[in-house]
Amino acid sequence: MKNKRNRLQIISEILRSNVVGSQEELLKMLSDRQCEVTQATLSRDLKLLKVAKTPLSNGTYKYILPTYNKPMPSQPTANTLISHGAVLSLEFSGQLAVVKTKPGYASAIAWDIDNKATEEVLGTIAGDDTILVIPREGVTREDIYQMLSNTFVEKDN
């Protein structure tokens, strides 16, 4: 058996390049690479890698590795966006902004954005850890950065 670091790397490579729906399938793929492990060890490895199962359109499931977000772009004022550490990243696709949060925080943060940024934001759509921010016509990315900064940067009193 290969050492743990190599085994975790092999598991990651397999999950990135294949659709794997069960631990049995993954055990077979590991065995094909001369990496013999028990089901219990594989289960612990999947937990350590924070692997999740996601449903596919055909009714089956697929193991997926977590995505790691890019850090927040720096603000012109050098302030960092925070909401008790819940806001993790902000990225744009065109004029739409996607805010990544800690799990469970997106709804509350979206509510704050909707209620505090009525001039800049037409609306938000929130999931568990992701918010889609839809700016009003003519609002720039910089305006969105500034609005989020003003909304979520703690003020010294």
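Looking only at the range 7-23, which residues are in a helix (DSSP H, G or I) and either touching a residue at least 12 places away in the same chain (Cβ under 8 Å) or surrounded by 14 or more Cβ atoms within 10 Å (Cβ to Cβ) (or both)? Don't jump to the end; show me each part of the working.
Here is the first cut: in the range 7-23, the residues in a helix (DSSP H, G or I) are 7-17, 23.
If the condition is that a residue be in a helix (DSSP H, G or I) and either touching a residue at least 12 places away in the same chain (Cβ under 8 Å) or surrounded by 14 or more Cβ atoms within 10 Å (Cβ to Cβ) (or both), then R7, L8, I10, I11, S12, I14, L15, R16, Q23 are the ones that fit.
Residue-by-condition table, conditions (1) touching a strand residue (DSSP E or B) at 6+ places or on another chain (Cβ under 9 Å); (2) exposed (fewer than 14 other Cβ atoms within 10 Å of the Cβ); (3) at positive phi:
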{"residue": "E91", "(1), (2), (3)": "yes, yes, no"}
{"residue": "A106", "(1), (2), (3)": "yes, no, no"}
{"residue": "D112", "(1), (2), (3)": "no, no, no"}
{"residue": "K116", "(1), (2), (3)": "no, no, no"}
{"residue": "E120", "(1), (2), (3)": "yes, no, no"}
{"residue": "D128", "(1), (2), (3)": "yes, yes, no"}
{"residue": "L132", "(1), (2), (3)": "yes, no, no"}
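Taking the options V99, V139, V133, name whichever one is at pLDDT 85 or above, part of a strand (DSSP E or B) and farther than 30 Å from L8 by Cα. If you could, list the steps in order and put the result at the bottom.
Working: V99 fails: farther than 30 Å from L8 by Cα; V139 fails: part of a strand (DSSP E or B).
Criteria check complete, one pass: V133.
Go through the range 32-68 and report how many residues are at pLDDT below 85 and surrounded by 13 or more Cβ atoms within 10 Å (Cβ to Cβ). The number of residues fulfilling the criteria is 1.
Taking the criterion of being assigned to a helix (DSSP H, G or I) and either touching a strand residue (DSSP E or B) at 6+ places or on another chain (Cβ under 8 Å) or among the basic types (K, R) (or both), the residues of the range 24-69 that qualify are L26, K28, R44, L46, K47.
The values are calculated or read from the model by the stated rules, or taken from the named source; none is laboratory data. Computed from a prediction, not measured in an experiment: that's the story for all the values here. Counting neighbours? That spans all protein chains shown, and the Cβs are built from the backbone with ideal geometry, glycine included.
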